[in-house]
Amino acid sequence: KRKNNVDSKITREQQKILSYEPQEGEVVCVQALAGCGKTTTISLLCNQLRQQEPTKEILYMVFNKNNEEEAMSSKKFPKEMEIRTTHAFVLRHFFGTANMHKVKPCERYDLDH
């Protein structure tokens, strides 16, 4: 068990998330209202996972650019993990980094044709 100031402020809900042990390849999704401590909880979980398995790949997907910038500038997260908006993640993995220059911001894709 961690021995720091954060422990005394962790809620039961946060502790439940922190004690959860995801299976390999499992997606963990935390939903809560604004200001409930999602970023803090996820950062604690990511650091905990990094300590347990230093080479484990961790992706933290956020809703918008402000969330991404907040998470990256908070210095709460391990440096070796990926923090992306869902939009950036889809662009990178759907089109690939080699084709990113071909994607136009306002271009519409007709999936029926």
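The values are calculated or read from the model by the stated rules, or taken from the named source; none is laboratory data. Note that the structure is predicted; figures quoted are calculated from it, not measured. We place every Cβ from the backbone using ideal geometry, glycine too, and count neighbours over all the protein chains shown. Calculation scope for accessible area: heavy atoms of the full protein, side chains included, ligands and nucleic acids excluded. Shrake-Rupley method; radii C 1.70, N 1.55, O 1.52, S 1.80 Å.
Observations
- Of all residues in region 48-60, those being within 12 Å of the chain's Cα centre (by Cα) and within 21 Å of residue 15 (Cα to Cα) number 3.
- Within region 44-60, considering residues that are in contact with a helix residue (DSSP H, G or I) (Cβ under 8 Å, 6 or more places away or on another chain) and either in a loop (DSSP other than H, G, I, E, B) or open to solvent by 80 Å² or more (accessible area, probe 1.4 Å) (or both), the one modelled with the lowest pLDDT: 56
- Pairs with Cβ under 9 Å, 6+ apart, first in region 60-85 and among the small types (Gly, Ala, Ser), second surrounded by 12 or more Cβ atoms within 10 Å (Cβ to Cβ) and part of a helix (DSSP H, G or I): 71/39; 71/42; 71/43; 74/39; 74/40; 74/43
- Residue among 94, 77, 63, 89 that alone is open to solvent by less than 70 Å² (accessible area, probe 1.4 Å) and at pLDDT below 90: 89
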